[in-house]
Each structure stands twice: as structure tokens, then as C-alpha cells.
1. What number of residues within region 202-226 are farther than 16 Å from residue 176 by Cβ and at pLDDT 95 or above?
2. Please state which one of 86, 82 is in contact with a helix residue (DSSP H, G or I) (Cβ under 7 Å, 6 or more places away or on another chain) and farther than 29 Å from residue 225 by Cβ.
3. Just checking, which of 237, 248, 271, 262 is without any contact (Cβ under 8 Å) to a residue 24 or more places away in the chain, under 22 Å from residue 136 (Cα atoms), touching a strand residue (DSSP E or B) at 6+ places or on another chain (Cβ under 8 Å) and crowded, with 17+ Cβ neighbours inside 10 Å?
4. Please give the number of the condition residue 148 fails out of (1) surrounded by fewer than 20 Cβ atoms within 10 Å (Cβ to Cβ); (2) not in a strand (DSSP E or B).
5. Of the conditions (1) within 30 Å of residue 8 (Cα to Cα); (2) touching a residue at least 40 places away in the same chain (Cβ under 8 Å); (3) in contact with a strand residue (DSSP E or B) (Cβ under 7 Å, 6 or more places away or on another chain), residue 95 clears all except one; give me its number.
6. When residue 162 is evaluated against the numbered criteria (1) surrounded by 22 or more Cβ atoms within 10 Å (Cβ to Cβ); (2) touching a helix residue (DSSP H, G or I) at 6+ places or on another chain (Cβ under 8 Å), which criterion, by number, is the only one it fails?
7. Within region 172-193, restricting attention to residues that are outside any strand (DSSP E or B) and surrounded by fewer than 23 Cβ atoms within 10 Å (Cβ to Cβ), which residue is modelled with the lowest pLDDT?
8. Quick check on residue 203: is it touching a residue at least 12 places away in the same chain (Cβ under 8 Å), more than 21 Å from residue 11 (Cβ to Cβ), crowded, with 20+ Cβ neighbours inside 10 Å and under 20 Å from the mean Cα position of the chain (by Cα)?
């Protein structure tokens, strides 16, 4: 496929849908601790804003305690139709979202189709803008043309996941990280859809494929505008009694300063500042040894929590991870 046909640079992370029954805790976490703008729509729906868009995170009532859908903002109508054609031509089921679903997500219209690990993928072209500026506890969040932050997944089938996002959006490999955590060797793949260092991270074990994470996502990331925004939100997370997963540190590959908190639903939430912006004319993929230059020290891990992870990892051997073979090509082998 030539560059003229590529969809690289035409998609960016637009919104996330989370299913939870812990609305009170999520409101405290998202608005009071992290500092996002919160809108409670009714007893079954709540939204968080980062900027002028009506919705960046939609919370719906339900038992999953997990991310259920990811919304991708597509640059223009032509790119939108080409993505739909890629899905349709491979025989993958497509469905147009209802007007109610579009309204809840703060977009004019959307289409959806199956994604890896059971996370529904949704695409839209026009977000709806709020009439009032967001009431934030920060100087702002970085969104714009490169989208909002990233999603990180653990997988027993990383080649299929990478193949999926390459087939769909012409994602590019940014780099790898090799890391050993609790004696387990991991390779993490970082995929970009635009100038943002990565919109998708995929972590997998070497050798026997295991997945120690209960939730579909391992973490979500958002980016604050100022360093003080990150440090102040870190303090609020601790003061409000939310569990910290990793202390403040700096990553080896994108140089982002960040911390990781544990959300009320159990997956992690990274708040970061000042990651590398990719220059397509000079960037070459490489492998980094270790995830952090400094910091990112595990906080509050217990024997019980580690045993739960080992149990989850063992169960993943017998439960085949959900993929979308028709959109994964032949999978992309490790480099």
C-alpha cells in the first residue's frame, strides 16, 4: 500500500467508554483527584471532559468495571469511508450507532465494529462542542490534532493486535521496551497513529503467553499541560485515599514524566507530562531496556494482589484471547 493510500495521521484517540457501578468513587477520582470536568447526565451515565469537547470519557452503569469501547476521531469523511470499507470488505460486522449513543458520546454520528479483547471500536468525524469551558483543576490537558493520551493492553496475541491496528489505521511501530517485572520478561510494543508517540501500547510475555491483568485495558493515559498539574494531581490522588500503582517517574522511550493511579474499576490511570512528539522524517524504531529512566516505583503491592495476578495469568492459558482475524492480516511477527 502506497503512502497516498495510507490512513496514517488521519485518526486519533477521541473518547473512551467505561462500564462501572462505582459512580460516586469515579466522580471523586476523575473530578476531585485527577482534575477533569465531570457532568452527571442521569443515574446511568456520567461524562468527563478534558477540553471543549462534550465527552472524553463516558461512564455507563454496569458490572464490567472495565473499558467497553474506544472512540477514534477520524480526520475527514473520505478517511471515514475508507475505514468503513476496510472493515466491510473483510466481512466484519458493522453497525451504525443510534442517535442516543451518539448524543451520549458527544458526537454527531458513529459507526462501530468488533475489536481485540472484546473492546468495541467506534469511529466518528465530528465531535460536539460544549457551550461552556470545562471546570478543571488543572491548567489544561493536551488533546488537539494528535488526540488524547493512549490506551495500554496486555495480550497473549500481540501480533494479531498489532496487525489489527495496522490494517485499520496504518499504525506505525514507534519502538519496543524489554522489561522484567516480578521475574516475568515482557516486550511492550508502542504504536502511533499520528505524531503522538503512541496511541496504543501492547505488552506481552516472552515465551509462554500469559495475561496477568483482569481488565481488558491495563491502563489509560491522559496528558496534562504543565508539570505542576501532574504533581498537584498526584498529591490529590494520595490525599483522597486512592491507591497509587507507580510513583512519579520518567519513561525511557517517550521521556514522559508520569505516575499511575488505580481507578475505582481496578485498571490503572496514567497522568503524564511532556512526552516526545515524533518527527516522521527522522524517527527509527528501537528497543529500550527497561520502562523507566528513574522512578515509577511500585506502591502498595501486597502478597494478596500478587497472588491474584498469578492466578489470573494461569487462567489466561486456557482462555483464548478474543481477536478479529479478518482485520488482523496474518499478524505481524516480532521484530
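The values are calculated or read from the model by the stated rules, or taken from the named source; none is laboratory data. Worth saying up front: this structure is predicted, and the values here are computed from it rather than measured. So basically every Cβ, Gly included, is an ideal-geometry build from the backbone, and we count neighbours across all protein chains shown.
1. The qualifying residues number 12.
2. Values: 82 fails: in contact with a helix residue (DSSP H, G or I) (Cβ under 7 Å, 6 or more places away or on another chain).
That would be 86, the only listed residue that is in contact with a helix residue (DSSP H, G or I) (Cβ under 7 Å, 6 or more places away or on another chain) and farther than 29 Å from residue 225 by Cβ.
3. Numbers: 237 fails: without any contact (Cβ under 8 Å) to a residue 24 or more places away in the chain; 248 fails: without any contact (Cβ under 8 Å) to a residue 24 or more places away in the chain; 271 fails: without any contact (Cβ under 8 Å) to a residue 24 or more places away in the chain.
Unique residue meeting the criteria: 262.
4. The single condition residue 148 does not satisfy is (1).
5. (2)
6. (2)
7. Step one: filter region 172-193 for residues outside any strand (DSSP E or B), giving 182-183, 193.
Then keep just the ones that are surrounded by fewer than 23 Cβ atoms within 10 Å (Cβ to Cβ); that gives 182-183.
Values: 182: 65, 183: 68.
For region 172-193, the residue satisfying everything is 182.
8. Values: touching a residue at least 12 places away in the same chain (Cβ under 8 Å): yes; more than 21 Å from residue 11 (Cβ to Cβ): yes; crowded, with 20+ Cβ neighbours inside 10 Å: yes; under 20 Å from the mean Cα position of the chain (by Cα): yes.
Answer is yes for this residue.
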